[in-house]
Structure formats: C-alpha cells, structure tokens
C-alpha cells in the first residue's frame, strides 16, 4: 500500500504544474485587465499595444533578470517561499491601484510595477520547473500549465458579453485567483538538493549559450513581426476562442512531443514563423488566411515551449538557477523589439525587415540545432533517450522508470526511497519487478546491460 509520502511524491509534478498554471492565469488576467483600463481611459489601441507589448515586456524582463541575478548570487533562495509570496501580494496591490484609478499616469505607473512583479513571479515559477521536474517530463508540465493559464484567462473574460475584464470588478476574480496561488506557494515544499558532483558542468560553453540567446531573441522578434503583417483583415476574422483553443492544444502537444524528442519539438517551432509569409502568398484569400492563422496558433505552442525548455534544460544540467529563467527573459526582450520594429515599419518595409530576420534566425537556429542536438548531444538528453528506449524494451512502468534512473546512478534502496519520498519496502518491491522484467539477477548486471544498451541518438 502506498504511504502518504508516496501519494505526495506521485502528485508533485501535478502540484508544480498547478502552481505554474495558476500563476500564469491570474497574472495574465491582471495584465489584460490593466491593458483594458488604459483603453477605457482614452489611449488608442496602437498606443496600448506599444506600451503593453513593448515597454511592459521590458519590465517583465527586468523582473525576470532580477530573479536570475538574485538566484545566481544566492542559490539557496531559489527554493524559498518569501520572494514569490511578497511578489504576489505586491502585484495584487498594483492591480487594484491600476483598475480603480482614474489617473492615466497612475495606471501606467502601477502597470509598470505590476509587470516587474509578474517577471519576478515568472522567474520563481520557471526555477521550480527546472529544479523539481525531471527533464523527460518538463515539456508537458510547462505546456499543460501554460495552456491552463491561456485558456483560463479567455474563459474569465467571457461574462458580460466578453467585456468582464473591462470592468474594475474583475479585480475580485484576480484577487481570488491570487489568493489560491498564495495558498499553493505557502504549502510548497523545498526542492530536493542535488549531491555534490551530480551536475555535469560541461558541454555548455559561453559561445553555445550566446548562440542560444541570439536564436531565442530573433525567434521572439520574428514571431512578433509576423503578427503585424498587413493581411487584409484575416487576423481579425479569427475568433478569439479558436485562437486560444488552437494555442492551448498546441502547447500541450508541444510539451508531449518535446519530452519524447527535443529535436522534433525544436524544429516544429519554426512552423509558426513561416505562416505569415504563407498567408501573404495566398493573395487575400480569407478562407486560406484564416486556416493559416489557426495552424499558426497551434505551432505557436511549440515556440512557447521551446524557448522555455532550451535554458531550463541547461539549468537542470548545470545546477545554475540563473539559466532556468533565461528563455522567457530573452523572449520578452525579443517580443519588445519586434513590437518596436512593427511600430516603426509598416507595409512593405515591415515584410522586408521580417524576411531579413527570418533568414538570419533560420541560419542561427540550425547552427544551434547542430551543436545542441546532433553533433554534441547533451549528456542528460542522451541519458533521457537511452532510458526511454530501455523502458520501452522491457515494458517498465512509470514508477519503475523513476527507480531505474536512480539505480543506474549507483543509488541504494535507502537513497532512492529518500529521493522519491517512498518507503524502503516500496523501492524493494519495484526493484524486484525490474529484475523480473529485464531478466537480471543483480544491480551490477542490470547496470551493465543498461550501459551497453543500443545508442538511441542518431
């Protein structure tokens, strides 16, 4: 029978997913409500877009960067509760000030502080993703959580004919969600600390990291430029519910695919960038453009997952929390740059600029792809794929997979029980099942067979 510890361990991934999903849900709702407040006070849609997707994204990047620097200097803080609790309360205060103020300057100022707080919270959430979730499940956890936040924000907006977030009363919905988020943070357990020497600090040199930064920056910029293309109103004909649904499904599928094969997940994210050009080539066909945009939102999920996983995997491998948040940080800066570029260039100049960035990003993307996934496959990724093949070969269960991954690291039954929050007898039971299914009579024989297993990365 499973103990309380076993049940807690079994729900840990779901708990982290709920924490991240709820966090993105309420902060995204607050973000949109504050943007609607700017519109209600008389700012034009173009100005609000420039402010929210340009300046405010920079503010989020600043908050994420602050977390990265803080956790880099004091790694022990990465698993703490104080920072996300304080950031949640501060963001809630800023939201109230923004939604109930009639002074435009105050709404802008509190919006600035709100987005810095959102950045801080995002940094905390993504750090826990890298520290608490194993690499082979990280994509689905993030994709599912982000899909929950995106779809949930849309559902919250539906009352009052879809204008609920235009009203100051929407603050109470934000406050309720923030309260639930506070409860999850309050009950959050500290991450399991890795032993000395568990992290491999090779394979990610400065040049490779800089290349990854450049790729994500350009990917985010290109994505933002593409959504500003002059496509004859097709974008506006795509109902919000369809875009959210396609994006949400894309996030979940992207997470699943990326966990199975990082390379396929990476390549699929490029499809979202090509759709604006494909829609442009259709020559004003409303039906064709609409279909293109539906697919674009689906593949946008792959892009959203990819930018998180690249640096989250680096963080998980190196043990440096600073990298866990870098994907979203760089992404926000790229989106801000794309917003500014779309404001300065319209029509044909915009298309030319986007085309130039597209060519550059493709070249750099496949250079990074070659170094990261082909010629120099990260050890952790190789181990993940070898483990998956061995599990498929012998039909091991999910729990048996978890235990096998620790056995091949040389951990004893007692150490495995402590790491997985299960009893020693439970570990012994699953180890016995692993021996039966694989036909091995000892740990040494099992490890030898595993290590000599067929190479899975081609």
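No lab work stands behind these numbers, since they all come straight from the coordinates. Just so it is clear, the model here is predicted, and its values are computed rather than measured. Neighbour counts are summed over all protein chains in view; Cβ atoms, including those assigned to glycine, are modelled from backbone coordinates with ideal geometry.
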Problem - Residue exposure sequence - 24, 148, 142 - by fewest surrounding Cβ within 10 Å - result: 148, 24, 142
Handout entry: Spacing of the two label points (7 Å from each Cα toward its C-beta) at residue 82 and residue 210, in nm
Key = 3.6 nm
Practice task
First measure r as the distance between the Cβ atoms of residue 49 and residue 186, then evaluate 1/(1 + (r/R0)^6) with R0 = 35 Å and state the FRET efficiency to the nearest 0.05.
Solution key: 0.45
Handout entry: Cα shape, the stretch 97-178, gyration tensor, a/c 1.5 rule
Key = oblate
Problem - 20 °C / 1.002 mPa s Stokes-Einstein diffusion coefficient of the stretch 379-451, Kirkwood radius on C-alpha pairs, µm²/s - result: 175 µm²/s
Exercise for the section: Return one number: the angle in degrees, 0 to 90 and rounded to the nearest 10, between the long axis of the Cα atoms of helix 326-344 and the longest principal axis of the Cα atoms of the chain. Expected result: 20 degrees
Completion exercise
Here the tail fraction of P(r) beyond 35 Å, over all Cα-Cα pairs of the chain, rounds in percent to 33 percent
Fill in the blank from the handout: By Cβ neighbour count within 10 Å, fewest first, 400, 222, 335, 389 rank 389, 400, 335, 222
Practice task
Fewest Cβ neighbours within 10 Å first, please rank 391, 305, 141, 120 accordingly.
Solution key: 391, 141, 120, 305
Completion exercise
Extension length gain for residue 277 and residue 360 (0.36 nm per residue less Cα distance), in nm, is 28.3 nm
Completion exercise
Expressed in angstrom and rounded, the centroid-to-centroid distance over alpha carbons for the stretch 67-115 and the stretch 382-416 is 41 Å
Handout entry: Whole-angstrom gap from the stretch 215-230 to the stretch 122-198, using each part's C-alpha centre
Key = 25 Å
Problem - Helix 56-73 vs. the chain, principal-axis angle (Cα, 0 to 90°, nearest 10) - result: 30 degrees
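For an R0 of 30 angstrom, estimate the FRET efficiency from the Cβ-Cβ distance between residue 343 and residue 103 and round to the nearest 0.05.
0.75
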Exercise for the section: For n ≥ 4 DSSP H runs only, could you compute -39500 (n - 2.57) per run for the chain, divide by its residues and tell me the 222 nm figure to the nearest 500? Expected result: -25500 deg cm²/dmol
Fill in the blank from the handout: The value for the stretch 33-118 (convex hull of the alpha-carbon atoms, volume per residue, Å³) is 76 Å³
Completion exercise
In this structure, the FRET efficiency calculated for residue 72 and residue 423 from their beta-carbon separation, with R0 = 45 Å, to the nearest 0.05, is 0.75
